[in-house]
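*Asks:* Supplied in structure tokens, the structure appears directly below.
The values are calculated or read from the model by the stated rules, or taken from the named source; none is laboratory data. Here the structure is a predicted model, which is why all the values come from computation and not from measurement. Heads up, the Cβs are rebuilt from the backbone with ideal geometry, glycines too, and the neighbour counts pull from every protein chain shown.
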């Protein structure tokens, strides 16, 4: 199957070809025809499989055949939970719609509202927005939705989570009842699916992979280690295996800052991104990471969904996420679009329950590897996969939710492999006080099959002898999931 067989115009096909894609991914092959037929859609697929193009391409096709948006009017609204995701979806719209006479805009908080009002005054065919800033602009009468044709919820599971549902309901109340509704996400929990079905009309449900599955292109393993030794182990792994591009996830903002400083002090260039950073600082850090000026990017879950770095070779979970589904999103930053990747999780005995929830979710026990010289005080027992996960998808989602740092006893456990050699131990503060401030995830770019160009740093990390890598509970908006 080719993109040409999906009913897309020559202008769009040319833009797709310029990006180096010729074959649609499975989610694109199923979603694009359904959207073009005007049906409501609920689509789920593993992260990195091209969900964004699954709605961007047919949306551009549909709107190219209608009338242009009048002043202050919007024809299609794409809602995202985060600023970075909004920006990257906006880039996708511009990239694939560059040969079409359509106007698009991206609006989110943290930047001046004046230029956004100016754009809306001219009318916008496709508006990509975060809920908070959108409501601000609507209340200022800067935008009108009486002629809206299509609503898209990107990362629909997080958009409909408790932290966003109230704003979503406010927005739905001001939209025309007659519209096409599209929901795209990596996962749909049972509660979220029930909620979503109340917002769409007889949707076409598309799922191209098992729910909450991890990509088989990602090699995952766990490094059991005491919490105080995590930073030293990370330094050892980066230097020993000459990792040149590593995305590291920290549970807290302060922990991310401390870890980045620690790595810099060890001669490893690093930057942190999280909700306390300004939009300019986050954009700069991400650009330097992509260019290679920064070797390690330490992020809270603002980057867990959608961060699109071409053939990112390594992901490290410095802390396990409080929500098990977020593990799937985190490691989905590598092994994208057919490329291979590695993901390692540094797990202390305090995180046994979080690890168990993750392994029950993905239905597999992850390989344990102890680094010589950093043997943990307690082993990590394998999870009984025949058990049912108690409380999964429930409880606090906040990144410093109560109890997430409480010590848990551990006994037993199967023997584990050993790797590496000794190294001096150093102290690491893995957690910290977390106060709420607008935190964002980054956006997932449209992807088809494997692109033509390669990431040179990916090839370096996969030389013989390189070790593979691996791959929590819900509250209202946290550092991980607040809107613009």
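*Asks:* Which residue out of 39, 51 is in contact with a strand residue (DSSP E or B) (Cβ under 8 Å, 6 or more places away or on another chain) and at pLDDT below 90?
*Replies:* Testing whether each residue is in contact with a strand residue (DSSP E or B) (Cβ under 8 Å, 6 or more places away or on another chain) and at pLDDT below 90 leaves just 51.
*Asks:* Please note which helices (runs of 4 or more DSSP H) are completely contained in the stretch 73-160 and include at least 1 residues that are surrounded by 24 or more Cβ atoms within 10 Å (Cβ to Cβ) and modelled with pLDDT under 95.
*Replies:* Counting at least 1 such residues, we get 83-96, 156-159.
*Asks:* Sort out which residues of the stretch 1-36 are touching a strand residue (DSSP E or B) at 6+ places or on another chain (Cβ under 9 Å) and buried (at least 23 other Cβ atoms within 10 Å of the Cβ), and write them in order of number.
*Replies:* Hits for the stretch 1-36 are 27, 31, 35.
*Asks:* Within the stretch 292-312, track down each residue that is modelled with pLDDT under 70 and crowded, with 24+ Cβ neighbours inside 10 Å.
*Replies:* 302, 303, 304, 305, 306, 307
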